[in-house]
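A short worksheet on the structure shown next.
The values are calculated or read from the model by the stated rules, or taken from the named source; none is laboratory data. Worth saying up front: this structure is predicted, and the values here are computed from it rather than measured. Every residue, glycine as well, gets a Cβ built from its backbone with ideal geometry; the counts of neighbours run over all protein chains shown. With ligands, DNA and RNA removed, areas are computed over all heavy atoms of the protein, side chains included. Shrake-Rupley method; radii C 1.70, N 1.55, O 1.52, S 1.80 Å.
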Amino acid sequence: MIKTVNSMGLFGIDAYAVQVQTEVARDSRGFFLVGLPDASVREARERVQTAIINSGFDYPTSKVTINLAPADVKKTGSLYDLPILISILMGSKYNWFEIDDAVFIGEVTLGGRLRPVNGILPMVISAKKLGFKRFFLPAGNAAEAAVVEGIDIYPVENITKLVLFLRSGEGITPAEHYIPQPKDFHYPFDFSEVKGQSMAKRALEISACGGHNILLIGSPGSGKSMLAKRLPSILPDMTFDEMIETTQLHSLAGLLGEDALKTLRPFRAPHHSVSAAGLSGGGAIPHPGEISLAHNGILFLDELPEFNRAALEVLRQPLEDNEVTISRVNASLTYPCSFTLVAAMNPCPCGYFGHPVRPCTCSKQAVSHYLSKISGPLLDRLDLHVEVPPADFTSLSTVGQEESSEEIKKRVNKVRKIQVERYKGSKVTCNSHMTPGMIEQFCILDDEAKNILENSFNNLGLSGRAYSRIMKVARTIADMDDSEVIKKRHILESIQYRNLDRKYWNK
């Protein structure tokens, strides 16, 4: 008689139902696993058989045939160990389980304990949508799964306790629903720790208010990395939906650790040796890359010109589309990647071009070559180009006079609220994501601002994309000034943030 146990599979960030169908025949011997299993799934035979015996149960000596349905979709990973084990017990003499409403996921050790697996959150969410009432999984995944309401999460430590529970209803208590606490929203870095750098702080506040990408240019030790690490502390708190999206991506990548839910906006800072696949994502079955792990947060690229040119060019389309599609022989998957790009760089190879005290040892050609490592199309996508000058002694020695992240964040939240109301009914939530039609509708310039923008566009040789970026930044500055119309001072400040267009680029 065929026994069926419900499980789940993953296809990118989406999950689908898998039925583990098992028949234990009495007239022959052997173990057959079908349904497009990969090597790790096929190895379940040895793990499951040993775990059953070591847990004190009898393993059938007759023929065992297991089908993972649907049979035309590739099954990967060790998450099918538990449903395979339960189906084998059901197909032999242990036919006392009522589990039609339950899903089973987990890797089984040889001793019968359960090990955590990746991607639990998207599977639990899908299981709830499909109408399942119970979800049995490793105890190490319980906190992550308990984020989802409306489905009972049963943390399983070992096979013996699970079988006891399925027979008697005793021994396992459903996990309590996880509710984020105020301490979960505390960011470890604060702008009050940054002395001076008022212009850079102003630019970062504009970036936070409008979701704009930003490039910090300055000599070594001027505080570029310090400033970048504090940008998440002034961004609006994530909504619960954003937390779920972010947690799912980190769960797929196996990066949750002890976190049940990602309550803080992610800050990803890959080393400049990262490959194009490391940024965009990859593998035989593509996994999220750094740009997807930065979804709803910050992607920080320090020493921007040192990154591989091919890796940087991977960023161009995701910065426009807020999603990345990875195509491989086995699958073509799309992951979300709505992030704010923060990049930092020295102004020249030695790092001291334009320094007020230390002389630059680079030739004009060396400076131009160094800056040309960043392509024009990528530079266009960086809304704000900001010089970070060396801090002076007076600023560094001043005690307790810097504005805290909490105070800045209040202003950011106020401006973001204006934008949410403005774009209500669309998918756009901040100025940086405005469509061309929205720019025409909402970026109204007065006569002085229009004249200044026209002169700057002609004199600087700006591209169409740079023009739209200037308009978006000016819209954000006007929102910070609580002005419906973009005025002269707003457009002037926006243009001054095209630093490389004005001073360095093509020099």
Check: So is Ser78 assigned to a loop (DSSP other than H, G, I, E, B) and either over 15 Å from Gly140 (Cβ atoms) or at pLDDT 90 or above (or both) or not?
Finding: yes
Note to self: Which of the numbered conditions does Lys409 fail, given that it passes all the others? Conditions: (1) exposed (fewer than 15 other Cβ atoms within 10 Å of the Cβ); (2) among the charged types (D, E, K, R); (3) within 36 Å of the chain's Cα centre (by Cα).
What the structure shows: (1)
Next item on the list: Report, by residue number, each residue of region 49-86 that is among the hydroxyl-bearing types (Ser, Thr, Tyr) and closer than 17 Å to Thr109 by Cα.
Entry: Thr50, Ser55, Tyr59, Ser78, Tyr80
Item checked: Residue check, Ser463 among the polar types (S, T, N, Q), within 24 Å of Leu204 (Cα to Cα), surrounded by 13 or more Cβ atoms within 10 Å (Cβ to Cβ) and at pLDDT 85 or above -> no
Notebook entry, point to check: Identify, please: which residue in region 150-172 is on the phi < 0 side of the Ramachandran plot and without any contact (Cβ under 8 Å) to a residue 12 or more places away in the chain and is, among those, most open to solvent (accessible area, probe 1.4 Å)?
Noted result: Glu170
Item checked: Residue, nearest to Pro188 (Cα to Cα), within region 254-265, restricted to residues that are in contact (Cβ under 8 Å) with a residue 60 or more places away in the chain and buried (at least 17 other Cβ atoms within 10 Å of the Cβ) -> Leu264
Check: For region 279-289, which residues satisfy the criterion of being open to solvent by less than 30 Å² (accessible area, probe 1.4 Å) and not in a loop (DSSP other than H, G, I, E, B)?
Finding: Leu279, Ser280, Gly281, Gly282, Pro288
Checklist line | Selection count, region 415-443, where residues are in a helix (DSSP H, G or I) and more than 25 Å from the chain's Cα centre (by Cα) | finding: 10
Notebook entry, point to check: Of all the residues that make up region 209-236, how many are within 17 Å of Val473 (Cβ to Cβ) and open to solvent by 20 Å² or more (accessible area, probe 1.4 Å)?
Noted result: 0
Notebook entry, point to check: Within region 17-28, can one find any residue that is open to solvent by 40 Å² or more (accessible area, probe 1.4 Å), in contact with a Ser or Thr (Cβ under 6 Å, 6 or more places away or on another chain), basic (Lys, Arg) and touching a residue at least 24 places away in the same chain (Cβ under 8 Å)?
Noted result: yes
Item checked: Within region 335-364, tally of residues that are in contact with a helix residue (DSSP H, G or I) (Cβ under 7 Å, 6 or more places away or on another chain) and surrounded by fewer than 19 Cβ atoms within 10 Å (Cβ to Cβ) -> 1
Notebook entry, point to check: If you take the residues of region 60-93 that are crowded, with 16+ Cβ neighbours inside 10 Å and hydroxyl-bearing (Ser, Thr, Tyr), which of them is nearest to the chain's Cα centre (by Cα)?
Noted result: Thr76
Note to self: Need a quick list: strands (runs of 3 or more DSSP E) entirely within region 310-387 having at least 2 residues that are closer than 30 Å to Leu36 by Cβ and among the basic types (Lys, Arg).
What the structure shows: none
Check: When you go through Ile53, Ile66 one by one, which is the residue that is more than 17 Å from Phe136 (Cβ to Cβ), in contact with a Leu (Cβ under 6 Å, 6 or more places away or on another chain) and either modelled with pLDDT of 90 or more or of a type in the set (Ser, Thr, Tyr) (or both)?
Finding: Ile66
